[in-house]
Structures are given as structure tokens and as C-alpha cells.
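The values are calculated or read from the model by the stated rules, or taken from the named source; none is laboratory data. Just so you know, these numbers come straight off a predicted model, no measurement behind them. All Cβ positions, even for glycine, are placed from backbone atoms using ideal geometry, and neighbour counts span all protein chains on display. Just the protein is used for accessible areas: all its heavy atoms, side chains included, with ligands, DNA and RNA removed. Shrake-Rupley method; radii C 1.70, N 1.55, O 1.52, S 1.80 Å.
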Amino acid sequence: MKKSEKEISAPVAAVINPGDEDIRFIDLRVDYAFKRVFGTPGNEELLKMLIDSILPDLHVSTLTLGNQENVGDSKDDKKTVFDIKATTEDGETVVIEMQLADKKDFNDRLVYYSTYPIREQVRGGNRDYQLAPLYIIAIMDFSMEGGRTTDSVINSFCIRNDSDISKTLTDNVHYVTVELPKFKKGVSDLNSLADRMIWLLRNMGSLKSVPEEFHDKGLEKLFDISNFTTMTYEEQMDYLAKFHAELDRRSELETAIEKGLKLGMEQGLEQGLEQGRTEGVLSVAAKMKYSGVPVQTICNWTGLSPEEVDRIEEQ
């Protein structure tokens, strides 16, 4: 028997949003929600709008969702599952990853992710190594460390000449970051599709109704699909399980980093941060392992190898 909206929403919402009576819209920063809205067949128009807001110069007319699971060249290679992979009508490949919590060496992970679609092109018969354009987009609910980015929300990177940045080694591999915390506009200041889309990525999960500023902006389907109250009971429970897992993982990592900072006062900041991150990742992996989450899923979420996950059980 299907439970009522109040029975489903109210008790859980008290944990997620203290003081709120229920959940109206799903949080697009959660993998489950992000894929539901932008990575489900039939929602290609919404995905096109998202890509247009991030890469307006790409001028995508149509696109096709591709296989999100990627394997290496041998059975021992790590498998990677992208949040979204699509191909445009002109043959460009667009890979999009939503990242709620910071991961160690995430910048290098982006480069690693690009190796799968690159090798896939060669496997597909492109033996002359002429690459079709590839865009790896990372939407992150954190800011990148160091001097890699500016104050801009969206930053694009490619392989350039050190002594003359106007010269590129290739124009066919692009890495694009969308750093959500840098977006400071209020709902009344949204002037473009990019503004509205990025604002929703940050705020959809806290909305109780569709803001007036979004009426007649062509995003009605996005709000419909994101409506928690119209989801089936099974879909709601699946979303909430994923949401709580993300929150737990983020909390574990933040606690571990804080612990690392304290340890860093005694043993050196860098060593302390590293130990804190490691402890947080292992703690999250252990909880996932004991909850019956598949080993490969744990590896994808934490960056650990299958061997490292297996050893957790022995500790």
C-alpha cells in the first residue's frame, strides 16, 4: 500500500531540514536526483539546457545519452561510472560529474576520467588518433584549492604551451569546472539560463514552491521531475537513502579533515590533513561495506581500490 505524502516526508525531513515540515523538491546535488533529472532518457532537452548554460559556445541542437559505465583495457582495470555521458549531433562527447563532497586529488581525477572516452574513440576504429572533441564537466559543491581557478563560477582548462598560453597542444580535450559555492546571486538577480540553472543546482532541495522568477522560463519540466511529492514511495525512499549516504559521507570527511587540522598543529599541517582525509574515507567505506553496498560502488565513491576495501573487513 502506498503511504501518504505526510507519512513519507515529515519524519525524514526533520532530520534533513530541521524545522521544516516536509520535502518538496529533491536536491540536484545528490547523484540520484541529478541523474533522474538530466540523465534519464526522455529528458534530453533538460540536459541540453544544462550543457548550454555551461558551454554556450557549443551550440548543441540534439544529443544522445550514452553508456555511463566504462571499463579499462583489461579485466584488472578499475571500472568508472559517469553520472552522465552524451554525444552531440556533431560527434562531441560530453561527460558530466556531480560532486557533492570534496575528494583528494579531484583535479587529477578529472584527467583520469577523460582517458576512458579517449580510449573508447580508438576502440571504435579511429586508428589515426584524430580525437573528436571531448568535454569533461565537473559540477562541484566545493571550490578548487590552489591557483587553478579564478573568482568565476565556470572555468575551462585545456593543455597549453607553458611559455605561450595562446598555443594549445590539442583543441579537442577540455576540462570544465562549475564551482557552485562561488555563485552568489539571489533569486531576483538571475538574468540568464546559466544563472537560473546554477541557482537551481544549489537551491532546489530547499525550495517549498516554484519561485515567481521561474514562471514561464521553460523549466516547468525540471520542476515537475524534481517534485518529491509526486514520486512513488519506492523512489522517495531510494532518494532519501542516497541523500543520507551523501550527508553521512560529507560529515565524515569534514570531521576527518577537522581532526587532521588539529593533528597538523603537532605533526605538520600537510601530514595532518592527509591522515584526516584517509581516516574519513576509510570510515565511510566501512559503513558502506557493512551496509551491503557493492565493492565496486564503494570504490567509485571513495577512490579506494577493491583490495583496500577488502582489507577494511579484516581490521
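For this structure, a couple of remarks:
- Sites Thr232 and Glu307, calculated FRET efficiency, Cβ-Cβ separation with R0 35 Å, nearest 0.05: 0.35
- Computed extension gain for Ser192 through Val111, at 0.36 nm per residue and net of the alpha carbon distance, reaches 26.2 nm.
- Accessible surface of Lys167, taken over heavy atoms with a 1.4 Å probe and every protein chain present, rounds to 120 Å².
- Extension reserve of the Val81-Phe142 stretch, reckoned as 0.36 nm per residue once the Cα distance is removed: 19.9 nm
- If the segment from Asp162 to Glu213 were pulled out straight at 0.36 nm per residue, it would be longer than the present Cα-Cα gap by 13.9 nm.
- The accessible area of His59, taken with all protein chains in place and a 1.4 Å probe, comes to roughly 130 Å².
- When each of Lys182/Lys289; Lys48/Lys289; Lys48/Lys287; Lys184/Lys289; Lys35/Lys289; Lys182/Lys208 is checked by Cα-Cα distance, pairs over 29 Å: Lys182/Lys289; Lys48/Lys289; Lys48/Lys287; Lys184/Lys289
- For the stretch 115-228, the solvent-accessible area works out to 53 Å² per residue, with a probe of 1.4 Å and every protein chain left in place.
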